[in-house]
Amino acid sequence: MTAFEIDPDEKRKALITLALAEVLTLSLWFSASAVVPALKAEAGISDVQASLYTSAVSIGFVIGTLTSALLTLPDRVAPIRLFALSALTGAAANAAILFVDPSSFLVILFRFVTGMCMAGVYPVGMKLASSWSKGDTGFLVGLLVGALTIGSALPHLFNVAGGVDWRFTIAAASMAAVLGALLIAQSKPGPGLAPAVPFNPAAMLDAWRNRPLRLANMGYFGHMWELYAMWGWIGVYLAASFTESGLPAPVFWAGAATFCVIAAGGIGSMAGGLFADRMGRTTLTIAAMTISGLCAATVGFLYGGLPLLMLALCIVWGITVVADSAQFSSCVIELADPRYVGTMLTVQTCIGFSLTLLTIHALPVFAGSVGWQWAMAPLAIGPALGVIAMAFLRKDPASAKLAGGRK
C-alpha cells in the first residue's frame, strides 16, 4: 500500500472508533458546568465559582496546548498514545471532584488539570482524522468536531438521567473518558500521517507569519468568541428563561433542552463539513457565522416567552454556532506545512480557547448589569469580525488550496 492508498474498510473502522473515543472523552469538558444549577441549589456556589467551573478547563487547555505547541508534541509523539494517556489522566482528575467540597478551590484545580489533558485529545484527534483524508478533509474534521459537540452535550444528558444529581453526572463523564481511552487504543492513524519531526519551537510562529493562515485563524477567533460562552451559559440562560415563562421544573427541562441544543451542533458540524468540501470553506464559514451571530443578537426577544419557540431558535443557533468550527481547522490543514499540521492546529486552538476565557467570564457580569434577557447579544460581535476575516481569505490567491479549489 502506498502513502496515497487508503483501505475504505480500515478507514471506516478507524474513524468510527476515533469519533466514539472523542465523544466519550470530551464529555469531561462540560461535566462540571452541566451541574452548576444543581450545585447552586445544593452548595450555594457563587457566579464567580460557576464561571471558574467552565473557564478553569479552558485555562488548562490553553496552558496544555501552549506547552504542547512549544514542544511540538503533536508532531513528535505517537498520537494514539498521547490521546489515551491524556484521556485517562483527565478522567482521574474529573473523578477527584467527587471527594472534595464542591465550593473548594481543589475543584477548580481538578478542572484545570482536566483542561490540560484535553490538549492531548482534541487537536490530536483532528490530526488523526486528517491522516485518513483524501479529498474529504472538511467532512473528516467535521466528524471530529461533531464528536466534540456531542461529547460536550453528554453531561447534560447524564444530568437528566441522574435526576439532576451532580455526583452521577461527574462519575458518568469520568467513566466515559476511561472507555474513550480504551477505544482509542483500538484505532490507528491513516497512511497520510506525517513522520515525526525534530523539536522546533519556532514552527509555531508560522501561524501568524503566514498571511492565509493568519486570516483563517482570525476567522476562528471570531467563531470562538461566541461558541464556548454560548455552550457554557446556555443551560443557565434557558433555566432563567423557562423560570420566567412559568414552565414547571425549569431546571430539569433546561437540562434536557441544553442537551438538544448542543447535540444539534454535531449534526451541523458534519453537514457543514460535507457542504464545505463541495461548495467551499469560506462559503460555509461566512454563512454559518452570519446565522449564528443573528441568533445571538435576537434570542433575547424570545426570553421568558413560549419555551418551544425559544428552544427552536436555540437549536438553529446550536447547529450554526459550530457548523463552521471544523472548517477553520481544515483551512489550517490545507494551508500549513504538512510536517507541522499538528502544531498549527494546536496553536490555533490555544489562542482560540484563550479568547473564550474573556467571554465566559464577561457574560455573567454583563448579565448582572442588564439581566439574562440580553446577556447573549454581545456574542454576535465575534461572528461579525470572523465573517470579515474569511471574506479577505476568500480573495487571497492561497485560497485555491482550500477544498480542492472550492473557496
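Please treat every number below as a calculation from the coordinates, not as lab data. For clarity, every value in this text was computed on a predicted model and none was experimentally measured. Every residue, glycine among them, receives a Cβ derived from its backbone with ideal geometry; neighbour counts consider all protein chains shown.
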Region 290-387, Rg to Rh (Cα coordinates; Rh as Kirkwood inverse mean 1/r)
1.07
Can you spot the lysines whose alpha carbon is less than 19 Å from LYS395's alpha carbon? Ignore those fewer than 8 places along the same chain.
LYS407
Can you give the Rg to Rh ratio of region 17-137, both from alpha-carbon atoms, with Rh computed by the Kirkwood formula?
1.04
With a sphere of radius 13 Å drawn around the Cβ of TRP29, what net charge do the other residues whose Cβ falls strictly inside it have (Lys, Arg +1; Asp, Glu -1)?
0
Residue list for region 34-52, given a label point 7 angstrom along the Cα-to-Cβ vector of ARG167 and an amide N cut-off under 15 Å
39, 42-43
Simple spin-label estimate for GLU10 and LEU309 in nanometres, 7 Å along Cα-Cβ
5.6 nm
Run the count for region 1-155, please: Lys pairs, Cα-Cα under 20 angstrom, 8 or more apart or on different chains.
4
Return, ordered by residue number, the residues of region 206-242 whose backbone nitrogen is under 15 Å from a label point located 7 Å along Cα→Cβ of ALA256.
239, 242
Which chymotrypsin sites (Phe, Trp or Tyr not before Pro) from region 197-273 combine a DSSP loop assignment with at most 14 other Cβ atoms within 10 Å?
PHE199
From the gyration tensor of the Cα coordinates in region 106-237, what semi-axes in whole Å does the equivalent ellipsoid have, largest first, with each one equal to sqrt(5λ)?
30, 20, 16
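So if we plug the beta-carbon distance of LEU109 and PHE392 into 1/(1 + (r/R0)^6) with R0 = 35 Å, what FRET efficiency do we get, rounded to 0.05? Spell out each step's value before the answer.
On the way: r = 41 Å, r/R0 = 1.18.
Approximately 0.30, to the nearest 0.05.
Which net charge results for the neighbourhood of MET289, defined as the other residues with beta-carbon distances under 10 angstrom from its beta-carbon, given Lys and Arg at +1 and Asp and Glu at -1?
-2
Give, in nm to one decimal, the length gained when the segment between VAL370 and LYS134 is fully stretched (0.36 nm per residue of separation minus the Cα-Cα distance).
On the way: separation 236, 0.36 × 236 = 84.96 nm, distance 4.93 nm.
Result: 80.0 nm gained on full extension.
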Measure nothing but the geometry: give the 0 to 90° angle between the long axis through the Cα atoms of 325-335 and the longest principal axis through the Cα atoms of the chain, rounded to 10°.
20 degrees
In degrees rounded to 10, the 0-90 angle between helix 341-370 Cα long axis and the longest Cα principal axis of the chain is 20 degrees
Expressed as a fraction of 2.2 N^0.38 Å, the rule-of-thumb size for a compact globular protein of N residues, what is the C-alpha radius of gyration of the chain?
0.92
About its Cα centre, the chain carries a charge dipole, from +1 on Lys and Arg Cβ atoms and -1 on Asp and Glu Cβ atoms, whose size in debye to the nearest 20 is 820 debye
Alpha-carbon centroids, region 165-196 and region 110-149: separation in whole Å
11 Å
Percentage of interatomic Cα-Cα distances in region 203-362 larger than 20 Å:
53 percent
Relative contact order of the chain (C-alpha contacts under 8 Å, at least 6 apart) in percent is 26 percent
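Compactness ratio of region 1-73: Cα Rg over 2.2 N^0.38 Å, N = residue count?
Values: Rg = 19.0 Å, N = 73, 2.2 N^0.38 = 11.2 Å.
Expressed relative to 2.2 N^0.38 Å, the Cα Rg reads 1.69.
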Along each principal axis of its Cα atoms, how long is region 37-80 end to end? Whole angstroms, biggest number first, please.
46, 20, 10
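Can I get the semi-axes of region 155-297's equivalent ellipsoid? Compute them from the C-alpha gyration tensor as square roots of 5 times the eigenvalues, in angstrom, largest first. Numbers along the way, then the final one.
Numbers: eigenvalues 237, 118, 45 Å².
Each semi-axis is √(5λ); the values are 34, 24, 15 Å.
For region 331-377, report the translational diffusion coefficient in µm²/s to the nearest whole number, using Stokes-Einstein at 4 °C, 1.567 mPa s, and a Kirkwood Rh over Cα pairs.
101 µm²/s
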Enter the angle in degrees (range 0 to 90, nearest 10) between the Cα long axis of helix 381-395 and the first principal axis of the Cα atoms of the chain, meaning the one along which they spread out most.
20 degrees
